[in-house]
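Encoded as structure tokens, the structure appears first; notes follow it.
The values are calculated or read from the model by the stated rules, or taken from the named source; none is laboratory data. The structure displayed is predicted, hence computed values, not measured ones. Note that each Cβ is placed from the backbone with ideal geometry, even for glycine, and that neighbours are counted across all protein chains shown. When the accessible area is computed, the model is the full protein with side chains, heavy atoms only, and any ligands, DNA or RNA have been set aside. Shrake-Rupley method; radii C 1.70, N 1.55, O 1.52, S 1.80 Å.
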Amino acid sequence: MKTISLKFKGYWLEINKDSIPKQSGIYCVYTCKYNAEKNTVSIHKLLYIGESKNVNVRIQSHNRLPDWTSKLGYGEELCYSFAPIASEDRERGEAALIFNHQPPMNEEHKNHFVYNDTKIILSGKIKFLHKSFVVSDE
């Protein structure tokens, strides 16, 4: 069984998304509310999980941005988390996260997991994600 460990960093608000690392990784898109007085973010909902060899560039020019924005409630904005991952495990890790969590804005990887058994261990900024789980290719 392949084990993939991911440590998510975040959260970056939409206005600050240019600060997301320019690295290979997996990212999550959330709805959130920012409290300027306390400088805190309240995460409301996981919308989407994606992967890229350069997460910063991908998020900056993502074709799904209008779809994500359409899901914002009153006073909400988009925010992002990011976990670096080696290129050889990126697509498998993304597929496992999508299959297990079923984000509403993802379409691919929701019904089938095409890889061998995979254990995912998560840490860091993982609101609405399970800390540890196994996905099977059955």
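Got a sec to turn the phi values of the stretch 17-34 into Karplus ³J(HN,Hα) couplings, 6.51 cos²θ - 1.76 cosθ + 1.60 with θ = phi - 60°, whole Hz, x for Gly and Pro?
Coupling constants for the stretch 17-34: 5, 5, 8, 5, x, 8, 9, 5, x, 10, 10, 10, 10, 10, 8, 7, 10, 9 Hz.
Starting from the residue with the highest accessible area, list 113, 99 in decreasing order, probe 1.4 Å.
Order by accessible area, largest first: 99, 113.
Under unit Cβ charges (Lys, Arg +1; Asp, Glu -1), what dipole magnitude, rounded to 20 debye, does the stretch 1-53 have relative to its Cα centre?
That gives a dipole near 200 debye.
Could you pull out every one of the lysines with an alpha carbon less than 28 Å from that of residue 71, ignoring same-chain neighbours closer than 8 positions?
7, 9, 17, 22, 33, 38, 45, 53, 110, 125, 127, 131
What part of the accessible area of the chain, given as a whole %, is carbon or sulfur when the probe is 1.4 angstrom?
45 percent
Give me the dipole magnitude in Debye, nearest 20, for the chain about the Cα centre, with unit charges on the beta carbon: positive for Lys and Arg, negative for Asp and Glu.
Roughly 440 debye, rounded to the nearest 20.
On C-alpha positions alone, give me the angle between the axis of helix 87-101 and the longest principal axis of the chain, in degrees, nearest 10.
Helix 87-101 and the main axis of the chain meet at about 80 degrees.
Which order do peptides 65-72, 100-107 fall in by mean Cβ count within 10 Å, highest first?
Answer by packing, highest mean first, reads 100-107, 65-72.
5 Å is the cut-off here: which amide hydrogens, built 1.01 Å from N in the peptide plane, fall below it relative to residue 47, excluding neighbours closer than 5 in sequence?
Correct list: 29, 30, 31.
Suppose all protein chains stay in the model; what accessible area per residue would a 1.4 Å probe give for the chain, in Å²?
Accessible surface, normalised per residue, equals 54 Å².
In debye, nearest 20: dipole of the stretch 37-87 around its Cα centre with unit charges on the Cβ of K, R (+) and D, E (-)?
Rounded to the nearest 20 debye, it is 140 debye.
So, R0 is 30 Å and r is the distance between the beta-carbons of residue 119 and residue 15; what FRET efficiency does that work out to, to 0.05?
With R0 = 30 Å, the Cβ-Cβ based efficiency is 0.25.
Just need the relative contact order of the chain here, percent rounded to a whole number, with Cα pairs under 8 Å and 6+ apart.
It rounds to 34 percent for the chain.
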